[in-house]
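The values are calculated or read from the model by the stated rules, or taken from the named source; none is laboratory data. Source: prediction; values computed, not measured. Cβ: placed from backbone, ideal geometry, glycine included. Neighbour counts: every protein chain shown.
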2 protein chains.
Amino acid sequence: MMKEASMYIPTLEDMRTARARITPHIYVTPVLTSRMLDELSGAELFFKCENFQKAGAFKARGASNAVFGLSDEQAARGVATHSSGNHGTCLSYAAKQRGIPCTVVMPRTAPQAKKDAVMGYGGRVVECEPSTSSREAVFAEIVAETGAEFVHPYNDHRVIAGQATCSAELIEQVEGLDAVVAPIGGGGMVSGICLTLSGVAPQMKIYAAEPEQADDAFRSFKAGHIIADDAPNTVADGLKVPLKKLTWHFVQKQVTDILTASENEIVEAMKLIWKRLKIVMEPSSAVPLATILKNPQIFAGKRVGVIVTGGNVDLDKLPWN
Amino acid sequence: MMKEASMYIPTLEDMRTARARITPHIYVTPVLTSRMLDELSGAELFFKCENFQKAGAFKARGASNAVFGLSDEQAARGVATHSSGNHGTCLSYAAKQRGIPCTVVMPRTAPQAKKDAVMGYGGRVVECEPSTSSREAVFAEIVAETGAEFVHPYNDHRVIAGQATCSAELIEQVEGLDAVVAPIGGGGMVSGICLTLSGVAPQMKIYAAEPEQADDAFRSFKAGHIIADDAPNTVADGLKVPLKKLTWHFVQKQVTDILTASENEIVEAMKLIWKRLKIVMEPSSAVPLATILKNPQIFAGKRVGVIVTGGNVDLDKLPWN
C-alpha cells in the first residue's frame, strides 16, 4: 500500500487542495532582499524565508498536508516516520495540530536537540541503531503495533504537494521571476517547485543546488538514473539523503540544471546570509546562494527566487567556529 | 551652537516631520511573534525587528533625519560623529544616501569590522587614541577642518525625533499594546519612545532594559540625577554609554521603570531569540526579553512591544562560544 501511494504523481490540483488544507497550520513566509547581496551576485535575489515557517522548516507544509488529509479513522491511529531532521519535527508539529499521535524513529546517535524538538511538539521518539536494517526493523514494528500511517520525508505525493505550496506563494509574492534555486537532498522541495512551476510558470528555470560532497543528485541527473551515495559527508546535513522514485520523476523531467558548491563556499554563503539578511538559517539553505555566486554567467541580470529551507541549526556548533 | 541644539526638546511634530523625511531611506521593519516565547513569558510579545533596518540598526532613523534635515549649504560640508558602534555606520549610510561626506572618529582599538562598516558606505574613519581627551581633540580638529555638522549618537533632538518614528510604526502595526520595552544605553531609542507614546498613547507603559553590569541609567533613575559610569563591562556593548541631558529629560519624566538583567540572562535571552525567532540580533537587543522573563509579575497577560534594536554582531565572536 505504501508503494502504491508513492507511485501516484501529484498534480497542480493536489497542490491547490494542499494549499487550502494547510493554510490554517502554516505561515505565509516573508520574502527578503538585500541590496548588498544583489550587488555581489549581479542578480536580483528574493529569499523565500521558510526558516520562519512553523517548526522552523518548509517541511511543515508537506507534513501538514499529509496529516490533515487523513480520514478520521486513519488519523486516530496516528502517523509515523523515520527522520533525524526537520521532517520528524514537522510531522510531530502537524500531528499536534490535529491532536493525533506521532512516532519518529531516530538513530540513538542522533543529536539530543533533534529528539527534543520532536518531543517538544508531543511526538514520541523511538531509537534504533544507526543502520538501515535496524531502522527498518524498528519502524516495521512501530507500524505493526500502532497501525500508524507512514509519512515519508519526501517520497510521498502528499508531502510533495504540500512542499509545492511554497513556490506557489513565492511567485505570487514576487513578479517576473526568471528562475528559482533550491537545495536538493531527497528532492521533496525541488519536486514541489517542479510541480507548481511546470503547471503555472513553465518558462521559469528551476535550479537545484547541492553540496559537492553529497552530489548524488548531480550525478544522477547527468547519468539519467538514480545514484545513491552510501554515506556522504557535508555541513549541509539536511542534504545527505538520496533521490527516490517519485522525486526522481520530477527532477529528471523538469529541473533545468543541478549546480554544486564546495563546503567552504557553503559556509561562506551561510555567513553572508546571516550577516546581510540578519536571519538564522541552516547550512543546507546556504547552498543555493553559494551556487549563484559561483555561476554569474547563469544568474547575472536575472530575477531569482532562492528557497531558504529551514532555520533549525545548533547555535552551539556553528560551522565557522 | 552644539549646546543650544541639544537643549531643544523635540516634539511629536518633529517626529512626524522626521517620519515623512526619512521614509524613502529606511524600512518599515516587520513585527515578529513566537508562540513559544509567549508561553515562556506568559505575555504576548511583539518583536519590532530593527535588526532588519537599513545598515542593520534603528540608528539609521535618527541619522537619516539629521542628515536630510540639513540645508544644502550645511550638507555640503558633511557630517561627523564619534562612535565605534551602529551610529557611525548609520550616519555613514545616511550621508551616502544624500551624497555628502561623513567622518567618524573611532579609537584605533575599535574592531576592524566596525571601521569596515563605516567605510563600506563610503564614510571616512579617523582614528584617535582610546581616551576621551584624544577623541575630543581629534574630533575638534575634524570639525575645524571640514566645518562638518556634528551628529551626536543620541544627545541630539534630530536623532531622538528620528528614533521616535520606530515606536510610531510599532503602535500602528500592533493594536492595544500595554507596554513597550527597549534597551537603554545613552537613551536615544527610549527617549524616542517617550516622545511618541507620551503624545499619542500616554496610557502605555515604557520600560527600559539595562545590563546589571552597566546599570548607570537604573541608578540615575533611582537617584534622580545622571550617574555616569567610568568603563562598564557588558556583553551588550551597545549599552555602555551614559545618559546625557536631553535623553535624561525624557527618561526621568516618562519612563515607567528601568529593569536590569545579568550577563548570563542576557546571553540566554539572545540564544532564545535566535533559536525561536530565527533572527540575528545583537546582545543589546536581548536585554528586554531577559528582563521580561525575569519579571513575570509585571508582564504576564500583557501585550508587550519589544524593540530589537540592531543586528550587527560579530558572527565569529558569539557570546556563547
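Checked against the criterion of being among the hydroxyl-bearing types (Ser, Thr, Tyr), away from chain B (no Cβ under 13 Å) and under 19 Å from the mean Cα position of the chain (by Cα), the candidates A:Ser83, A:Ser41, A:Ser71 yield just one match: A:Ser83. Here A:Arg303 meets each of (1) over 17 Å from B:Ile279 (Cβ atoms); (2) over 17 Å from the mean Cα position of the chain (by Cα); (3) within 14 Å of another protein chain (Cβ to nearest Cβ) with one exception, condition (3).
None of A:Val251, A:Val287, A:Val306, A:Val280 is surrounded by 17 or more Cβ atoms within 10 Å (Cβ to Cβ), touching a residue at least 40 places away in the same chain (Cβ under 8 Å) and more than 20 Å from A:Leu32 (Cβ to Cβ) except A:Val251. Within the range B:124-162, if we keep just the residues that are touching a residue at least 60 places away in the same chain (Cβ under 8 Å) and aromatic (Phe, Trp, Tyr), the residue that is nearest to B:Ile184 (Cα to Cα) turns out to be B:Tyr154. The helices (runs of 4 or more DSSP H) falling completely within the range B:209-321 that include 3 or more residues that are among the hydrophobic types (A, V, I, L, M, F, W, C) map to B:216-223, B:245-254, B:263-277, B:283-294. Would you tally the residues in the range A:119-140 being surrounded by fewer than 13 Cβ atoms within 10 Å (Cβ to Cβ) and of a type in the set (Ser, Thr, Tyr)? Residues in the range A:119-140 being surrounded by fewer than 13 Cβ atoms within 10 Å (Cβ to Cβ) and of a type in the set (Ser, Thr, Tyr): 3 in total.
When B:Thr29 is tested against (1) assigned to a helix (DSSP H, G or I); (2) touching a strand residue (DSSP E or B) at 6+ places or on another chain (Cβ under 8 Å), exactly one condition is not met: (1). Taking the conditions (1) without any contact (Cβ under 8 Å) to a residue 60 or more places away in the chain; (2) closer than 18 Å to B:Leu315 by Cβ; (3) crowded, with 22+ Cβ neighbours inside 10 Å in turn, A:Glu268 satisfies each one other than (3). B:Phe52: closer than 29 Å to B:Pro101 by Cβ and within 14 Å of chain A (Cβ to nearest Cβ), yes or no? It is true that B:Phe52 is closer than 29 Å to B:Pro101 by Cβ and within 14 Å of chain A (Cβ to nearest Cβ). Of the listed requirements (1) farther than 14 Å from A:Pro211 by Cα; (2) crowded, with 18+ Cβ neighbours inside 10 Å, A:Trp320 misses just one: (2).
Which one is surrounded by the fewest Cβ atoms within 10 Å (Cβ to Cβ) among residues in the range B:91-108 that are in contact (Cβ under 8 Å) with a residue 12 or more places away in the chain and over 22 Å from the mean Cα position of the chain (by Cα)? Reasoning before the result, please.
If we filter the range B:91-108 for residues that are in contact (Cβ under 8 Å) with a residue 12 or more places away in the chain, which is where we start, we get B:91-98, B:100-108.
Cutting the leftovers down to over 22 Å from the mean Cα position of the chain (by Cα) gives us B:100-101, B:108.
Numbers: B:Ile100: 20, B:Pro101: 19, B:Arg108: 12.
Going through the qualifying residues, I end up with B:Arg108.
Put simply, of A:Gly56, A:Gly69 the only residue that is farther than 30 Å from A:Ile292 by Cα and out of contact with any Asp or Glu (no Cβ under 8 Å at 6 or more places or on another chain) is A:Gly69.
For residues in the range A:22-38 being away from every other protein chain (no Cβ under 11 Å) and more than 25 Å from A:Asn65 (Cβ to Cβ), which is surrounded by the most Cβ atoms within 10 Å (Cβ to Cβ)? Among them, the one singled out is A:Leu37. The helices (runs of 4 or more DSSP H) falling completely within the range A:54-163 that include 3 or more residues that are closer than 28 Å to A:Ile193 by Cα and at pLDDT 95 or above map to A:59-68, A:86-98. Going through (1) without any contact (Cβ under 8 Å) to a residue 24 or more places away in the chain; (2) closer than 25 Å to A:Ala57 by Cβ one by one, B:Gln297 falls short only on (2).
On inspection, B:Asp229 fails the criterion of being within 14 Å of another protein chain (Cβ to nearest Cβ) and farther than 26 Å from B:Leu45 by Cα.
Yes/no matrix, rows are residues, columns are (1) within 11 Å of chain A (Cβ to nearest Cβ); (2) touching a strand residue (DSSP E or B) at 6+ places or on another chain (Cβ under 8 Å):
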{"site": "B:Thr247", "(1), (2)": "no, no"}
{"site": "B:Asp257", "(1), (2)": "no, yes"}
{"site": "B:Ala261", "(1), (2)": "no, yes"}
{"site": "B:Met270", "(1), (2)": "yes, no"}
{"site": "B:Lys275", "(1), (2)": "yes, no"}
{"site": "B:Ile279", "(1), (2)": "yes, yes"}
{"site": "B:Ala286", "(1), (2)": "no, no"}
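Taken over the range B:24-64, residues that are under 17 Å from B:Ala286 (Cα atoms), acidic (Asp, Glu) and without any contact (Cβ under 8 Å) to a residue 24 or more places away in the chain amount to 1. Applying the condition of being surrounded by fewer than 24 Cβ atoms within 10 Å (Cβ to Cβ) and outside any helix (DSSP H, G or I) to the range A:164-185 and asking which residue is nearest to the chain's Cα centre (by Cα) yields A:Ala179.
For the structure I just gave you, tell me whether B:Val313 is modelled with pLDDT under 95, within 11 Å of chain A (Cβ to nearest Cβ), surrounded by 24 or more Cβ atoms within 10 Å (Cβ to Cβ) and within 20 Å of B:Glu263 (Cβ to Cβ). Yes; evaluated as a whole, the condition is true for this residue. It is to be established whether one or more residues within the range A:91-100 are in the same structural domain as A:Leu12 (by TED's automatic domain parsing) and touching a Phe, Trp or Tyr at 6+ places or on another chain (Cβ under 6 Å). No, the conditions are met nowhere in the range A:91-100.
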